[in-house]
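Working notes for the structure below.
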Amino acid sequence: MNTPAGSVEQRRAQRKRANYSVVVMDVINDRPLGHLGNLSATGLLLIGPVRPRGEAIYQVSLSLPGLAAAPLAIELGIQEQWHDDAATPGQIWSGFRILSVSPADAAVLEAWLALPGGKD
């Protein structure tokens, strides 16, 4: 996403766009929370029909393609930071920060972020 002229970029880590459909699953409720818009080592952006509760904490899983023959699944603990209606009716943009990730899943995430392409 581009930063409007005159505004200050507040992200701490560069995000990478998901150029394919990645469903982010709420592990506790066993339901999709949304589709991945972008991802960094510290946060993620989702779009989907679910309006998250303000500052709610979720345990999610998602599969990152491109690192092996099959997509590699990782689990993250995330906290809602903001959400807003998307231009498409019934869709919500949601921003989350990553609260917890295992060392093994952090290594997979870092390797995926290092792949070429899709930088925001």
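Data table
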quantity	calculated
Residue tally, condition among the small types (G, A, S), under 8 Å from the mean Cα position of the chain (by Cα) and under 18 Å from A106 (Cα atoms), over the stretch 22-44	2
Test for I74: is it surrounded by 18 or more Cβ atoms within 10 Å (Cβ to Cβ), under 25 Å from G117 (Cα atoms) and more than 10 Å from the chain's Cα centre (by Cα)	yes
Segments classed as strands (runs of 3 or more DSSP E), wholly inside the stretch 46-120, with at least 1 members that are over 18 Å from M25 (Cα atoms) and free of Cβ contacts under 8 Å to residues at least 24 places away in the same chain	72-85
Residue that is surrounded by the fewest Cβ atoms within 10 Å (Cβ to Cβ), among those in the stretch 11-29 that are under 18 Å from Q81 (Cα atoms) and touching a residue at least 40 places away in the same chain (Cβ under 8 Å)	Q14
Residue under evaluation P32, criteria (1) surrounded by 14 or more Cβ atoms within 10 Å (Cβ to Cβ); (2) part of a loop (DSSP other than H, G, I, E, B), criterion not met	(2)
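Conditions tested, residue by residue: (1) touching a Ser or Thr at 6+ places or on another chain (Cβ under 9 Å); (2) modelled with pLDDT of 95 or more.
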residue: L46; (1), (2): yes, yes
residue: R51; (1), (2): yes, no
residue: G66; (1), (2): no, no
residue: F96; (1), (2): no, yes
residue: L99; (1), (2): no, yes
residue: A104; (1), (2): no, yes
residue: P116; (1), (2): no, no
residue: D120; (1), (2): yes, no
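The values are calculated or read from the model by the stated rules, or taken from the named source; none is laboratory data. The structure displayed is predicted, hence computed values, not measured ones. When we count neighbours, we look across all protein chains shown, and the Cβ atoms used for this are built from the backbone with ideal geometry, even at glycine.
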